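Just below is one structure, and these are the notes that go with it.
The values are calculated or read from the model by the stated rules, or taken from the named source; none is laboratory data. On a predicted model such as this, the values are computed, not experimentally measured, just so you know. Ideal geometry is used to build each Cβ from the backbone, glycine not excepted, and the neighbour counts take in all protein chains shown. Side chains are part of the model used for accessible areas, which takes the heavy atoms of the whole protein and leaves out ligands, DNA and RNA. Shrake-Rupley method; radii C 1.70, N 1.55, O 1.52, S 1.80 Å.
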2 protein chains.
Amino acid sequence: MTDPSNPQAALEQLHEQLGDCVETSFEQREDHSYDGLKISCLPDAVIRVKEDSQVGMALKIANEYSIPVTTRGAGSSLTGGATPIQGGWVLDLSGLNNLTVDQKNQVARCGPGVVIADLQAEAAKDGLFYPPDPSSKKFCTIGGNIACNAGGLRCVKYGVTRDYVLALEGYLANGEKVRWGRATRKFATGYNLRDLWVGSEGTLGVVTQATLRLIDLPMFTRTFLGVFESDEVALSSPNELRKLGLRPSILEYLDQWTIDCLQKYVGTEVFPGVDPKPMLLIELDGSEREVEEHSIDLTKWMKSRALAFRSASTADEAEKIWDVRRQGSSSMKKLASTKLNEDVVVPLDKQVELVQCVDGLREKFGIKIGVFGHCGDGNLHVNLMYDEENAEETTRAVAALKELMSRVIELGGAISGEHGVGLAKTPFVREQFNQAEWSAMLAVKQALDPNNILNPGKIFDVFNPWEQKKIPVILSWEHENEEPKP
Amino acid sequence: MTDPSNPQAALEQLHEQLGDCVETSFEQREDHSYDGLKISCLPDAVIRVKEDSQVGMALKIANEYSIPVTTRGAGSSLTGGATPIQGGWVLDLSGLNNLTVDQKNQVARCGPGVVIADLQAEAAKDGLFYPPDPSSKKFCTIGGNIACNAGGLRCVKYGVTRDYVLALEGYLANGEKVRWGRATRKFATGYNLRDLWVGSEGTLGVVTQATLRLIDLPMFTRTFLGVFESDEVALSSPNELRKLGLRPSILEYLDQWTIDCLQKYVGTEVFPGVDPKPMLLIELDGSEREVEEHSIDLTKWMKSRALAFRSASTADEAEKIWDVRRQGSSSMKKLASTKLNEDVVVPLDKQVELVQCVDGLREKFGIKIGVFGHCGDGNLHVNLMYDEENAEETTRAVAALKELMSRVIELGGAISGEHGVGLAKTPFVREQFNQAEWSAMLAVKQALDPNNILNPGKIFDVFNPWEQKKIPVILSWEHENEEPKP
């Protein structure tokens, strides 16, 4: 019999079986003690996985000794999804980055450590395209994207990560190998544990190989930027454009507050002579003919609805338009030490009410809040800015956040559209579900991970990130410009 | 304390709470004792549900007394998914057929009893489209489509049922109300029990309301029929058409054997002067301009690859092309008393090997087998014909079926692409999964239905349909022509 309360014995077995993949130096443990949320919890060991089977071996031991296991790729989670909040072992899968594109079956097979931008580049060589593109795509990995069912800019036309996952291989909490789904579009045989794993944030299993559907690479794009009199007009775009037969590949909204902030920051007006007003950034894609034809219709719509607009068909011109989106975010960060980026989602026709709710929160709590994001999906990012050193301001920000989340749920939406719950949203997730739903989710967790070793502390246990001191680290990608780029 | 072995007490409570929704006449019970598989098992009672909450009330009692509950819509399942194989109660949801189309959010909300064709007709009034279209769409209901993740003709371009389910409301086995997902395209909050329910064949919960994503209704179509020298050429079409930038809305294959059978049946050749050879039925859809432009490219491809072809742009002309598909199926039914329609699916590039496998089975077992179906998805329907009164022939057919299923799994496919396992595929489903996968599925079942009351006997328990006598009933839709029609 093994002693479940003997982590030292577990670690010895791990060393024995996995050899120098297991790292226990303080430096390695510290390096793997935090993610994009920047809250640090030291793990006992880091396992740098070199082959699939090592995941099974590590999990078998961890399950026997009830050791918490936190799976990690790039560690770019903004919600703390890869923070080893209960210590234990960190399973670093960034080394499992094999990648092959199967052109005949229009699929990619990749390890969880494959970076999204690399996957897109490899697919493009065969004229193929993997559409989900979170703004972190240059460094985030497919494993994390599957864990939180990542979205991004182009979901309005192409859907989210889940829509591209055909099959998953990996390990159950007990270390046994499983495969869910097949490299086929249709599958109606047994329970769909593939889609249960997608979005389960590493709490139900560990993915070691994903088979992803690819589509044809759109060859041409045209980018538009327009400014609108009101939120009502800007946020009517998803429905109005649809009625015109237009299916933009990107449909991004920036609120008046964000534009005001960015104009003050850069010192010039985006549209000279136009006061800060809501804007839309729209991309059309497809064949040259399609883009040309749809551009004519979109131009007509812009002329009838926008106060001013411009468009770009070359990469250089498009860059200038994207600068507006990038600077919007950068300028906000100058306003406060902490920016809480909440990826809430509401039905398309409730977006105006969401923006009105935010107006009320700014006034009631005196907090700076900028709203921008994917209005084609109802997935607006609400960014609350406050100084975490200021206890009183923090209290106000948290109160505003709570009201925001309640309102989102009231409007028939969800508190997370693409980042997942992780640690950051645990104070609000309970409100999203009734008791029966909550119990059913816990029963599924218990069924697939009876010893609660997989990413424990996430989703279900309340953790208030604002009560924790963030570590003053600058992540490798924070040196570069990490803002979205098409 | 209730007595779980006292079905009479349970039935009394049911009568008390649900009044005249509960029917126990022999006639009603017999009417609900079978589905499209035509194997009859008498239930103790039929519950004709009039409102959502009655489902919860019935399940609460059933769960307390461990009464088997089989949920049913139209009862058109070909796999026995709605057969009350263990008796108990049949929950007839065909009366829950409320339907509203929300044009602003591009969704439909419907009860499980809504017939697919009615949903499509209602959506079309607002220029919207619900794409999954099983060939039974004139009578099958959305509840059953969700239960087996139904596909159909247009999945090659538009995806399957799962791709259109945004949210589900319903009841857990214990009678508690739950809601999974929201009327939003993105959702990354908690476990995805929505997609776990989809395809779980009524064994994990009962759906009482579905929110479905709708897309723009394609306004124009053009239909092509071509005959090809070999299976290799015909089955290269998915990849070749993709490379030409063509995305057919329908891409159906009929094998040489099926064509031969139909030509003998109708007495004329589909393409005069051309011997029986594999054929493709292809539909393009979209705007008038798109269809015109893509027709030019498809015509070029047909000229270079087909022995002969024709196309239709009017409904009447298309009817004649569809007659070929319909007669293929009708003529097969004349050949034997029993036709086993197996909806297997393999990766796109394994379809030729699947067809070769069927050639081998015909020879080895002396069984008549016709193959036709959705080659754009790798979802070919393999139809085995035999006389169920002939024990020796039945044995050969079953042996051929077993070999087929093993080969499908070997090729990386699945034994069911769109019909589900039900009863009919239980002899083969175990081979699809390893022990860990099988145990994980059973653990999920145990977690969500601990008393095993929901559709017991399906998916997991072996049932050999060929050992059962089928009842000589003609289903209401069998009087009409039930073959696929676009």
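A compact table of results
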| item | result |
| --- | --- |
| Accessible solvent surface per residue of the protein assembly as shown, calculated while the other protein chains remain in place, 1.4 angstrom probe, Å² | 36 |
| Share, in percent, of DSSP beta bridges within region A:39-161 that are antiparallel, nearest 5 | 40 |
| Area hidden from solvent between B and A (accessible, protein heavy atoms only, 1.4 Å, total, Å²) | 6500 |
| Of all DSSP beta bridges in region B:7-92, antiparallel share, percent nearest 5 | 20 |
| Inter-label distance, nm, simple model (7 Å from Cα along the C-beta direction), A:L475/B:S287 | 4.0 |
| Listed residue pairs exceeding 24 Å between alpha carbons, taken from B:K350/B:K469; A:K186/B:K350; A:K402/B:K60; B:K38/B:K339 | B:K350/B:K469; A:K402/B:K60 |
| Gained length - A:Y265 relative to A:K320, 0.36 nm times residue gap less alpha-carbon distance | 18.2 nm |
| At least 10 Å² of accessible area lost relative to the chain alone, listed for region A:209-250 with a 1.4 Å probe | A:D216, A:N239, A:R242, A:K243, A:R247 |
| Degrees, to the nearest 10: B:435-448 long Cα axis against longest axis of chain B | 50 |
| Distance from region A:359-411 to region B:66-106 (C-alpha centre basis), Å | 43 |
| In degrees, nearest ten, helix A:391-410 long axis to first principal axis of chain A (Cα) | 80 |
| Between 0 and 90°, nearest 10: helix B:351-365 axis offset from chain B longest Cα axis | 80 |
| Per-residue average of Cβ from other chains inside 10 Å of B:414-425 | 3 |
| Spin-label zone in region A:342-376 - amide nitrogen under 15 Å from a point set 7 Å from the Cα of A:E403 along the C-beta vector | A:354-370 |
| Percent carbon-and-sulfur accessible area, the protein assembly as shown, ignoring ligands, DNA and RNA, probe 1.4 Å | 48 |
| Label spacing, shortest first and in nm, from B:V473 to its equivalents in the remaining copies (7 angstrom along Cα→Cβ) | 6.5 |
| B:S304 paired with A:E232, simple spin-label distance in nm, labels 7 Å along Cα-to-beta-carbon | 5.5 |
| Filtered chymotrypsin sites (Phe, Trp or Tyr not before Pro), region A:217-265: DSSP coil and at most 15 other beta carbons within 10 Å | none |
| Modelled FRET efficiency - R0 60 Å, A:Q468 with B:N464, Cβ distances, 0.05 increments | 0.50 |
| All lysines inside 23 Å of B:K300 as judged from Cα atoms, apart from same-chain residues fewer than 8 positions distant | A:K104, B:K157, B:K243, B:K277, B:K320 |
| With DNA, RNA and ligands ignored, accessible area of B:K470 (1.4 Å probe; Å², nearest 10) | 60 |
| For A:428-436, mean number of other protein chain Cβ atoms within 10 Å | 3 |
| Ranking by accessible area, most exposed first, for B:S330, A:S329 with a 1.4 Å probe | B:S330, A:S329 |
| Probe 1.4 Å - accessible area at B:M219, Å² to nearest ten | 130 |
| By accessible area with a 1.4 Å probe, ligands and nucleic acids excluded, highest first: order of B:R182, B:R109 | B:R109, B:R182 |
| Environment charge of B:E51, counting only residues whose C-beta is closer than 14 Å and scoring Lys/Arg +1, Asp/Glu -1 | -1 |
| Sequence of B:H15, A:H381 when ordered by accessible area, the most exposed leading, probe 1.4 angstrom | B:H15, A:H381 |
| Dipole magnitude of region B:220-410, debye to nearest 20 (Cβ charges: Lys/Arg +1, Asp/Glu -1, about Cα centre) | 160 |
| Share antiparallel - DSSP beta bridges, the protein assembly as shown, percent rounded to 5 | 85 |
| Tensor-based shape of chain A (alpha-carbon gyration tensor, a/c under 1.5 rounded, otherwise prolate or oblate) | prolate |
| Helix-only [θ]222 nm of chain A, DSSP H runs n ≥ 4, -39500 (n - 2.57) each, per residue, nearest 500 | -10500 deg cm²/dmol |
